[in-house]
Amino acid sequence: MQIVLRCATAQQFLSFHEQQWLHGIDPAAHPWLAQLLRMPRGGIAPGELPTAMDELLACLALQDPTDPIIRRSGLRLLLLLATGQRHGQPVSWQHR
């Protein structure tokens, strides 16, 4: 399975290792990130993007800062969310 993330000007694929990192996240503590894995399609409205970014930053603060996969995937997700917010566009995902 591949997860494709899309926003106004960008499209990204999450690698296998990035998806494994998401599987280890507590769904109760980080519902938006857990939703990426559970729902085959979904999106975040522009007004909800700041909350999603705060949740992502809170999750990254609890992770091992020396792990390059977590750092890279967290930053990629954060940049995609910020791009959507800057353009006032939703961020969506789809499983392939």
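Scoring Asp64 on the criteria (1) within 22 Å of Ala10 (Cβ to Cβ); (2) among the acidic types (Asp, Glu); (3) exposed (fewer than 15 other Cβ atoms within 10 Å of the Cβ) leaves a single failure, condition (1).
Among the candidates Leu22, Leu36, Leu75, Leu81, the residue that is open to solvent by 50 Å² or more (accessible area, probe 1.4 Å), within 11 Å of the chain's Cα centre (by Cα) and closer than 19 Å to Gln12 by Cα is uniquely Leu75.
On inspection, Gln63 fails the criterion of being under 16 Å from Ile3 (Cα atoms) and without any contact (Cβ under 8 Å) to a residue 60 or more places away in the chain. Number of residues in region 1-19 that are charged (D, E, K, R) and either open to solvent by 80 Å² or more (accessible area, probe 1.4 Å) or modelled with pLDDT under 85 (or both): the value is 1. Scanning region 39-48 for residues that are closer than 20 Å to Phe13 by Cβ and either under 12 Å from the mean Cα position of the chain (by Cα) or buried (at least 16 other Cβ atoms within 10 Å of the Cβ) (or both) turns up Gly42, Gly43, Ile44.
The values are calculated or read from the model by the stated rules, or taken from the named source; none is laboratory data. These figures come from a predicted structure and were not determined experimentally. In this analysis, Cβ positions are derived from the backbone assuming ideal geometry, glycine residues included, and neighbour counts consider all displayed protein chains. Ligands, DNA and RNA are excluded from the accessible area calculation, which covers all protein heavy atoms including side chains. Shrake-Rupley method; radii C 1.70, N 1.55, O 1.52, S 1.80 Å.
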